[in-house]
Amino acid sequence: MRFINTLLSRLLLVLLVITSCSNPKKTSATLLIYGGPIYTVDSTQTTVEAVATKGDTILFAGSLLEAEAYKTKETQIIDLQGKTMTPGLIEGHGHFMGLGYNELNIDLINTTSYQEIVDIVAEAVKTAEPGEWITGRGWHQSKWDALPEDAVNGFQTHYKLSQVSPDNPVYLSHASGHAGFANAKAMEIAGLQLLSKDGINKHEVDGGEVMRDKFGQPTGIFNERAQSLIRKHIPENTPEKNAKALDLAVAACHRNGITSFHDAGIGKETIADYENAKVANKMKVRIYAMITGWDKDLVNEWLKKGPLVDPENLVTIRSIKLNCDGALGSRGAWLLESYTDRPGHFGHETLPMEVVKETALNGLRNGFQVCAHAIGDRANREILDRYEAAFTELQDMNTDHRFRIEHAQHLHPDDIPRFAELGVIPAMQAVHLSSDRPWAIDRLGEKRIIEGAYMWQDLLKSGIPVVNGTDVPVEPLNPIASLYASVSRKTLKGLPEGGYEPAQRMTREQALKSYTLDAAYGAFEEKIKGSISVGKLADFTIYSQDIMKVPEEEFLKTEIAMTIFDGKVVYTKSE
């Protein structure tokens, strides 16, 4: 009997082994998503019926029938109910803490007149202590209904602002961040309220301008590097205020479907803020940070210790940001020919070009990407020249540098093919066309606009990817607006009919890729994000309607319905 029992036990064991081999247990999913169009931005299968995730990783993408094999009692189910899903959107150029601070300070981005700014500041004065600084950002004189009668060089003067804020220093940054507007009290603190005709002028502020009226007195406008004359007197932010701004920035990203963010220029303080947020488990957006080139000591410190590629994929630091010219709105962009609406003025070279060459060489030697801000055609050309010289000098080190030019807004036609030839990635914010194109023609004239402004399609056809974004807080973070601008070449009011220079608009596939896989490529992260592919991070954006098929006139009505980060739902729009 014992023999028979032993034999039966062995037979049962063999049967179990055979059964387990023929029916292997599949990994169970923590999340299963289906029920609407899912665009993968993966060339092997551009759309799928369902996606399954395990923790923070994509486990499966394909048919719903196959996906259900990964479902267990513990699997969370998300039925899209007809909504659309894509990879998590990547903000390809913005200022993360600026986004948060824009929600803490005075937000002027939607103002349409100087008087509106004066009224907003007058309200802020009512609750401010005497002597307390009032700061804000977002005004743009070219977007106002009309300029004041006493405008100087196309900008307002401080007198009306100063009247409503006699006891409070006020400093309001231009939307671009490349100019600022101070009241009399702020200029008094800086020792700049009254200047003789022989006093400070644009020639004495390297890379900037203190704008003055016909009597030689400052108007309150400080262009480019001249802003430091006022900014150095503004009290530094407290750690508590920084932490609050960071939390607000994370929440804003989630509301807008942004799961990753290229932070264009940060210093020691912000690096510390990010480290603290990671420790506190509050960094719920993936940051790809560029060290600010203004801090030479910080740059040298990082060049010595090398890039930080975060194994947790939360905060990676492997690039250096250089600010090489100004903005078109403030006439600070560095041009080959003078401004059409300010003859004899060519903008500003805000960083010596020898610094660009030196940084490019150091970046190649030490494994750092270089990202140079350039808006004007001369700035773009000069930077391409310095990059090319560095690539030639260190040919064995430039195999996969992925150097970038941030904005690349206005190019000379001869320089357009050089991006692909040199492997330099243009990081361009399509929404700038919607905001800037109506008045940019005044700055550049029709010929320069047609031949070289916002040249997305020509760059794409040359074989180089384009990284999209908003440059928040210069523009609102809303990716729907930037995607709309990408495919329509219109203002956000839907003008003009047919769009500006329509041959340069992107297809919807190109636009989505510029916000996902191409943006990931621009940060050396295409192997871990940017498409819905097995093994990549489980970051997704879900929309109220199908952005690939909705009629153009309905596109801007699209809303972010849900954001999934690290395999977890972090935002759901309330009905």
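The values are calculated or read from the model by the stated rules, or taken from the named source; none is laboratory data. These figures come from a predicted structure and were not determined experimentally. We place every Cβ from the backbone using ideal geometry, glycine too, and count neighbours over all the protein chains shown.
General remarks:
Here's the yes/no breakdown for (1) of a type in the set (A, V, I, L, M); (2) closer than 16 Å to D56 by Cβ; (3) under 18 Å from the mean Cα position of the chain (by Cα):
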{"site": "R505", "(1), (2), (3)": "no, no, no"}
{"site": "E509", "(1), (2), (3)": "no, no, no"}
{"site": "Y515", "(1), (2), (3)": "no, no, yes"}
{"site": "D518", "(1), (2), (3)": "no, no, yes"}
{"site": "Y521", "(1), (2), (3)": "no, no, yes"}
{"site": "F524", "(1), (2), (3)": "no, no, yes"}
{"site": "K529", "(1), (2), (3)": "no, yes, yes"}
{"site": "S533", "(1), (2), (3)": "no, yes, no"}
{"site": "A538", "(1), (2), (3)": "yes, yes, no"}
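- Helices (runs of 4 or more DSSP H) enclosed by the range 430-495 - at least 3 residues per element that are of a type in the set (D, E, K, R) and closer than 18 Å to S330 by Cβ: 431-444
- Restricting the range 142-168 to residues that are at pLDDT 90 or above and not in a loop (DSSP other than H, G, I, E, B), the residue that is farthest from the chain's Cα centre (by Cα): Q163
- Any hit, the range 308-326, residues being charged (D, E, K, R), without any contact (Cβ under 8 Å) to a residue 24 or more places away in the chain and either touching a helix residue (DSSP H, G or I) at 6+ places or on another chain (Cβ under 9 Å) or over 30 Å from D396 (Cβ atoms) (or both): yes
- Residues located in the range 407-435, provided they are within 23 Å of A519 (Cβ to Cβ) and more than 17 Å from the chain's Cα centre (by Cα): H410, L411, D415, I416, P417, R418, F419, A420, E421, L422, G423, V424
- Only one entry of K461, K490, K513, K529 meets the criterion of being surrounded by fewer than 22 Cβ atoms within 10 Å (Cβ to Cβ), among the basic types (K, R) and modelled with pLDDT of 95 or more, and that entry is K461.
Yes or no, residue by residue, for (1) touching a Cys at 6+ places or on another chain (Cβ under 9 Å); (2) at pLDDT 95 or above; (3) closer than 28 Å to D273 by Cα; (4) charged (D, E, K, R):
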position	(1), (2), (3), (4)
W334	yes, yes, no, no
S338	no, yes, no, no
N362	no, yes, yes, no
Q369	no, yes, yes, no
R386	no, yes, no, yes
T392	no, yes, no, no
R402	no, yes, yes, yes
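- Selection of the range 416-436 for residues being crowded, with 19+ Cβ neighbours inside 10 Å and touching a Lys or Arg at 6+ places or on another chain (Cβ under 8 Å) yields V424, I425, P426, A427, L433, S434, S435.
- Of the residues screened, A519 is not one that is under 29 Å from A372 (Cα atoms), small (G, A, S), touching an Asp or Glu at 6+ places or on another chain (Cβ under 9 Å) and surrounded by fewer than 18 Cβ atoms within 10 Å (Cβ to Cβ).
- Pair list, Cβ < 7 Å and 6+ apart or interchain, from the range 331-359 residues that are outside the structural domain of G180 (by TED's automatic domain parsing) to residues that are hydroxyl-bearing (S, T, Y): R331/Y339; G344/S338; H345/S338; H345/Y339; F346/S338
- Residues satisfying the stated conditions in the range 72-97, i.e. crowded, with 21+ Cβ neighbours inside 10 Å and not in a strand (DSSP E or B): G88, H95, F96, M97
- Residue within the range 558-571 that is of a type in the set (V, I, T), part of a loop (DSSP other than H, G, I, E, B) and assigned by TED's automatic domain parsing to the domain that holds S43 present: yes
- Among the residues of the range 294-304, none qualifies, meaning not one is buried (at least 20 other Cβ atoms within 10 Å of the Cβ) and under 18 Å from S173 (Cβ atoms).
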